[in-house]
1. For every helix of n ≥ 4 consecutive DSSP H residues, a contribution of -39,500 (n - 2.57) applies; sum these over the chain, divide by its total residues, and give [θ] at 222 nm rounded to the nearest 500 deg cm²/dmol.
2. Report, by chain and number, residues whose modeled amide H sits under 5 Å from the one on GLY97, excluding near sequence neighbours (fewer than 5 apart, same chain).
3. Given the convex hull of the Cα atoms of region 1-138, what is a quarter of its surface area in nm²?
4. Where does the charge balance sit around PHE64 when Lys and Arg score +1, Asp and Glu -1, over other residues with C-beta under 15 Å from its C-beta?
5. Can you give me the distance in nm between label points at LYS321 and SER340, each placed 7 Å from the Cα along the Cα-to-Cβ direction?
6. Give a residue-ordered list of calculated ³J(HN,Hα) values for region 60-67 (Karplus: 6.51 cos²θ - 1.76 cosθ + 1.60, θ = phi - 60°; whole Hz; x for Gly, Pro).
7. For LYS250, go through the aspartates and glutamates and keep the ones whose alpha-carbon is under 15 Å away, minus same-chain ones fewer than eight residues off.
8. For a quick check, take a GNM of the chain with Cα springs below 10 Å and name the residue from HIS212, HIS151, HIS285 with the largest mean-square fluctuation.
Amino acid sequence: MRTRRRKALAAMQGEEIKEKIASFPRWHYQFDLKGNLTLIFQENWINRHQQRKKYFFDPLVHLFGGSLAGKRVLDLGCNAGFWSLCAVEAGCDYVLGVDGRQMHVDQANFVFEVKEIENRRYDFVADNLFDVNLRRFGTFDVVLCLGLMYHISKHMVLMEKISEVNSDVLLIDTSLSTLLGPYLEIRHEPLKEPRHAVDYELVMSPTWEGVHELVRQFGYSVVTLKPRFEDYAGAHSYQSGERRAFLCAKRTDISRVPAEIEQAPPVAPPPYAWRERELRRQLRHRERRVRSLEQSQQRLKQRVGRLERQLQSMQASKNWKLLNKLARIRTRVSSLRRASS
């Protein structure tokens with residue numbers, strides 16, 4: 001079935017690929033599909049993803065001698081398969097991508113089929129990762145947990161599921177709470193946003209120390225990679241210290257990673273910084289709401305104005321005067337009928 005679909009997609013050219021790309025309401029990553037670029041929803045994120053690849057994915061590949069040949073990779077929260085594709089292009093034997101939204105899995109399959117990646121080298125599964133039995137796919141040398149950890153509420157369960165199928169390296173990239181100490185900070189995020197959680201609106205962001213404590217509990221050594229981006233456009237959270245990548249391993253000596261290691265949390269926030277951030281978020285939400293109400297009010301005024309103009313035009317017409325006169329006659333006749341009865 002997938003082979004037949006692959007042949008059909010491989011035969012797609014130009015306009016057909018463009019139409020398929022446009023059929024998806026949103027793309028989180030930019031892909032070049034036979035010269036056709038996917039329409040990334042936020043343009044400066046093109047740079048963001050390029051810088052992220054240099055920051056944590058390229059050092060991972062160099063840690064294994066410049067290739068992932070012979071490695072099996074698990075990509076959790078795979079979205080449209082950007083990092084899965086990076087793994088395949090780095091030579092991995094097999095990659096399994098898991099995402100909670102069917103649209104992302106459909107995008108990933110489309111990308112891999114147009115790229116003509118061999119069927120045996122990948123699978124994508126659409127499901128809540130907490131419901132997937134990962135063990136039925138075997139074990140994995142490398143697990144990618146990129147942009148996921150701050151969209152969940154069950155961090156220990158996640159680490160249990162990862163640890164039981166991960167034989168060696170775990171790469172985490174996550175937004176961080178800037179609280180001091182090993183904590184998980186509660187947040188709320190709407191489920192309708194495609195990048196957010198698929199089960200609960202209540203999620204938790206780990207602190208820098210929290211990530212270290214969490215992975216060590218499951219037998220991993222861990223280092224934090226220090227970002228040195230050439231351009232922080234679309235990636236200011238790395239510059240401010242509110243996002244970091246963590247390289248973890250059970251067996252591999254990660255001290256050999258060709259990247260600068262961060263020895264301590266990057267941000268020392270003032271007291272109640274978390275409360276200030278939350279208030280700012282609420283303020284932005286209310287400002288958007290006010291703008292939306294103002295736009296609705298303006299549209300309503302325009303509609304009322306049109307109706308008033310139409311009414312004035314009708315009142316000035318002969319037909320309107322005749323209709324009014326006829327209505328008064330009918331009312332008079334009805335009144336006389338009632339009086340005579």
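Computed from the coordinates by the stated procedures, all read-outs in this text should not be read as laboratory data. The structure presented is a predicted model; accordingly, all values stated were derived computationally and were not measured. FYI the Cβ positions are ideal-geometry reconstructions off the backbone, even for glycines, and counts take in every protein chain you see.
1. Numbers: 11 runs with 145 residues, N = 341.
Taking each H run of at least 4 residues, the total per residue is -13500 deg cm²/dmol.
2. ASP75, ASP123, PHE124, VAL125
3. Directional mean of the projected Cα hull area for region 1-138 stands at 8.7 nm².
4. On the way: positive: LYS71, ARG72, LYS250, ARG251, ARG256; negative: ASP58, GLU89, ASP93, ASP141, ASP168, ASP253.
Around PHE64, the charge tally is -1.
5. With each label point 7 Å from Cα toward Cβ, the separation is 3.0 nm.
6. 4, 5, 5, 4, 9, x, x, 7
7. ASP141, GLU160, GLU164, ASP168, GLU213
8. Of HIS212, HIS151, HIS285, the most mobile in the Gaussian network model is HIS285.
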